[in-house]
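A quick write-up on the structure given underneath.
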Amino acid sequence: QVQLVQSGGGLVQAGGSLRLSCAASTSGFGAYNMAWFRQAPGKQRELVALITSGGRTNYADFVKGRFTISRDNAKKTVYLQMNSLKPEDTAIYYCTLGHRYDFWGQGTQVTVSE
């Protein structure tokens, strides 16, 4: 069973930055796509960013130019660097592993104050 352990997040003022990390337990980490989702209160879960096994990235329009997804296969970790944060970025953020988002992290709260 694959485990994803998230870290980072917290409370930040608008315009600030945070970095989320997600460490995977699988030795086959490099072969999998990784992604970050988020879910705000009362809203549906939405895809934020994805990085393929080959390093290609895709971003939701609402984070383009502000967020950066990256991966370190040696550390079996995916990151989400979040800059220029806005109050509307407040949500629980989840990392996933797999081409069909097969495994999920425990979630981490990101709160952006005015």
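The values are calculated or read from the model by the stated rules, or taken from the named source; none is laboratory data. Just so it is clear, the structure is predicted and the values come from calculations on it, not from any experiment. Don't worry about glycine lacking a Cβ; one is built from the backbone with ideal geometry, like all the others, and counts go over all protein chains shown. Surface areas here come from the heavy atoms of the whole protein model, side chains and all, with no ligands, DNA or RNA. Shrake-Rupley method; radii C 1.70, N 1.55, O 1.52, S 1.80 Å.
Some notes on this structure:
- Residues in the range 63-107 that are open to solvent by 20 Å² or more (accessible area, probe 1.4 Å) and β-branched (Val, Ile, Thr) were compared, and the one that is farthest from residue 52 (Cα to Cα) is 90.
- Candidates 61, 72: the one that is out of contact with any Pro (no Cβ under 6 Å at 6 or more places or on another chain) and farther than 23 Å from residue 3 by Cα is 61.
- One residue stands out among those in the range 56-114 that are in a strand (DSSP E or B) and touching a Cys at 6+ places or on another chain (Cβ under 6 Å): the one that is farthest from residue 30 (Cα to Cα), which is 95.
- Test result for residue 20, of a type in the set (A, V, I, L, M, F, W, C) and not in a strand (DSSP E or B): no
- Scan of the range 1-28 for residues that are in contact with a Cys (Cβ under 6 Å, 6 or more places away or on another chain) and farther than 18 Å from residue 111 by Cβ, ordered by number: 4, 22
- Only listed residue being of a type in the set (A, V, I, L, M), farther than 23 Å from residue 113 by Cα and either in a helix (DSSP H, G or I) or open to solvent by less than 50 Å² (accessible area, probe 1.4 Å) (or both), chosen from 48, 2: 2
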